[in-house]
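The structure appears right after this line, and notes come after that.
The values are calculated or read from the model by the stated rules, or taken from the named source; none is laboratory data. Predicted model only: the values in this text are computed from it and were never measured. Note that each Cβ is placed from the backbone with ideal geometry, even for glycine, and that neighbours are counted across all protein chains shown. What goes into the accessible areas is simple: the full protein's heavy atoms, side chains included, and nothing from ligands, DNA or RNA. Shrake-Rupley method; radii C 1.70, N 1.55, O 1.52, S 1.80 Å.
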Amino acid sequence: MRDQIRVLKTREDYDKALGYLGELMGKDLAPDSDEEREFDLLNLVIGNYEAETIAPISVDPVDAILFRMDQQNLKRRHLVPYIGSISKVSEVLNRKRHLSLSMIRRLHEGLGIPAESLIGSSEDDEVNLEEAPTFSYEQFPLKEMQERGYFGSFECGTGELKTY
């Protein structure tokens, strides 16, 4: 072994490890050799350092779809079975329409795009659920909601509903 492989603590250690990993990648490593074991261990150490220090990249769902289209040499018309009509495909790719749950499922199953990438990050990620809502419950159509069974077996007039 060239150097003792150890836990990476600084960016300088990381850069040196990447350089050495590159050297090992350029060699034809014999199976179960010292160099192959060193390569595997160095790969783990580098992966651990990256997981601890480098923030994960948030992928935009449309970018994930475009990337897969580029990989598989697909045209917009090829997305119709997964998204719907060609106009829906156009709206999604132009970011004018969000993906529905069924679209996400079909794209994941049909094109193998990771569901996490299709769900993407939401602007609502920073919503504080402890805050009071910014809307007024008095504006809800309580009578219609009661007729549709939204309140279960709760039996009272809509005037009483407003007080709860």
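Over region 2-90, average the accessible area per residue using a 1.4 Å probe and give it in Å², no decimals.
70 Å²
Percent of accessible area on region 2-103 owned by carbon and sulfur, 1.4 Å probe?
Reported share for carbon and sulfur atoms: 53 percent.
For residue 88, go through the lysines and keep the ones whose alpha-carbon is under 28 Å away, minus same-chain ones fewer than eight residues off.
75, 96
Whole-Hz ³J(HN,Hα) for each residue in region 28-44, computed from phi via Karplus 6.51 cos²θ - 1.76 cosθ + 1.60 with θ = phi - 60°, x for glycine and proline: what do you get?
8, 7, 6, x, 6, 8, 4, 5, 5, 5, 5, 4, 4, 5, 4, 4, 5
In square nanometres, what is the average projected area of the Cα convex hull of region 29-96?
Quarter of the Cα hull surface area: 7.6 nm².
Using 7 Å Cα-to-Cβ label points, what is the residue 151/residue 41 separation (nm, one decimal)?
7.0 nm
Over the heavy atoms of residue 150, what accessible area does a 1.4 Å probe trace out, to the nearest 10 Å²?
Answer for residue 150: close to 140 Å² accessible.
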